[in-house]
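Notes follow the structure.
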Amino acid sequence: MLPIWPDPVTLKTTAIPLACYPYSSTSRIVHWLTRHHGKVSTLLKGALRPRSLFLGEYELFGTSELLYFAKRTGTLYTGKECALLHPRPTFRTDWRAMQTASCITALFNKNTPEEAPCPELFELFEELLDLAEEYGNSFPFLVWAELRFCDHHGHAPNFGSCTLCGAASMLAFSAASGGTVCSSCSKDKKLATLGSPPDILTILQSWQQAVHPAGIVNIKLSAKQKNQLSTLLGCFMRHHFGTSPETRRMEKNLT
Ligand SMILES: [Zn+2]
């Protein structure tokens, strides 16, 4: 454990790496999502040296306690030390769950501005990684996790009625409009829509309302349904959160 009362020139917080990059042959840059300070970037000097205080004390998907100097150089803080609190070892052995954890991490990394404190966002990230250890090899889990992320950002897609007029029939999905639109609204406004079979919209609506993934991860889907779900949500995630098509390609490996 790190000291309980750090001196005033250092900051201490719980943190999970979002991305790690080499800085030199022995140093690393780590972008973290922290509980108290939002996303911060640190230079971990000598992180790869055999006696480094950082060695084995941080890893992707694991929660660490991070101590860093409060003074910044450019956009980078200098790390002082860290201690790995919760490593989430499943992701070392279950490659499907690891891919899901990577997708979730990339989503948080891309959509979190530097230094905008949001403890709720950190809690969501932790919760999704914890659940991904258990359910991350399942396709419905990744969809559920993405829907949770949308909801947190106030962008929960609408699947049950026309987003523009409230009509409940003749619906098709329009990513730019934030959900389903009826045929007359899409015609009036010349909206680009995706084919949206009612069974797919019903599945998405019920997964969006599920408070826990346990009840949905074993649902059997046809290859066609999986494809349609993936296309529809993929289009929404790309439009609103800039996710890459890679996410969709890895989904084929999930059960
Ligand atoms: Zn309408």
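Here are some notes:
- Fraction of antiparallel bridges per DSSP, the stretch 1-114 only, in percent to nearest 5: 90
- Seen against the Cα atoms of the chain and their longest principal axis, helix 139-152 is set at about 80 degrees.
- Length available on full extension from residue 110 to residue 69: 0.36 nm per residue minus the Cα-Cα distance, which gives 12.3 nm.
- Karplus-derived 3J(HN,Hα), 6.51/-1.76/1.60, for each residue of the stretch 95-104, Hz, glycine and proline x: 5, 5, 4, 5, 5, 5, 4, 5, 4, 5
- Student exercise, the stretch 121-226 dipole from Lys, Arg, Asp, Glu Cβ charges, in Debye to nearest 20: 780
- The lysines within cross-link reach of residue 252, meaning a Cα-to-Cα straight distance under 29 Å and a gap of 8 or more places when in the same chain, are 110, 220, 224, 226.
- Calculated [θ] (222 nm, deg cm²/dmol) that DSSP helices of n ≥ 4 give over the chain, each run adding -39,500 (n - 2.57): -11500 deg cm²/dmol
- Candidates 74, 38, 46: whichever shows maximal mean-square fluctuation once the chain is modelled as a Gaussian network with Cα springs under 10 Å: 74
- Label-to-label distance for residue 167 and residue 221 is 2.8 nm, based on points extended 7 Å past Cα in the beta-carbon direction.
- ³J(HN,Hα), Karplus 6.51/-1.76/1.60, whole Hz, each residue of the stretch 226-242, x for Gly, Pro: 4, 4, 5, 4, 5, 5, 5, 6, x, 5, 5, 5, 5, 5, 9, 10, x
- Among 63, 78, the ranking by other beta carbons within 10 Å of each residue's beta carbon, starting with the fewest, stands as 78, 63.
- Ellipsoid semi-axes in whole angstrom, largest first, where each is sqrt(5λ) of the Cα gyration tensor of the stretch 138-251: 22, 15, 14
- Amide H to amide H distances under 5 Å link residue 70 with 10, 11, where only residues 5 or more positions off or on other chains count and H is placed in the peptide plane.
- In this calculation the C-beta distance from residue 123 to residue 153 is compared with R0 = 25 Å, giving a FRET efficiency of 0.95.
- Gyration tensor over alpha-carbon atoms, the stretch 24-137, equivalent ellipsoid semi-axes in Å: 24, 18, 12
- Each label point was placed 7 Å from the Cα along the Cα-to-Cβ direction; for residue 190 and residue 239 their separation is 1.7 nm.
- Along its first, second and third principal axes, ordered by size, the chain spans 64, 36, 31 Å in Cα coordinates.
- For the chain, averaging the sequence separation of C-alpha pairs within contact (under 8 Å, six or more residues apart) and dividing by the residue count gives a relative contact order of 14 percent.
Every number in this text was worked out from the coordinates using simple rules, so none of it is lab data. Quick caveat, the model's predicted, so the values are computed rather than measured. Because the Cβ atoms are built from the backbone with ideal geometry, glycine has one as well, and the counts that use them run over all protein chains shown.
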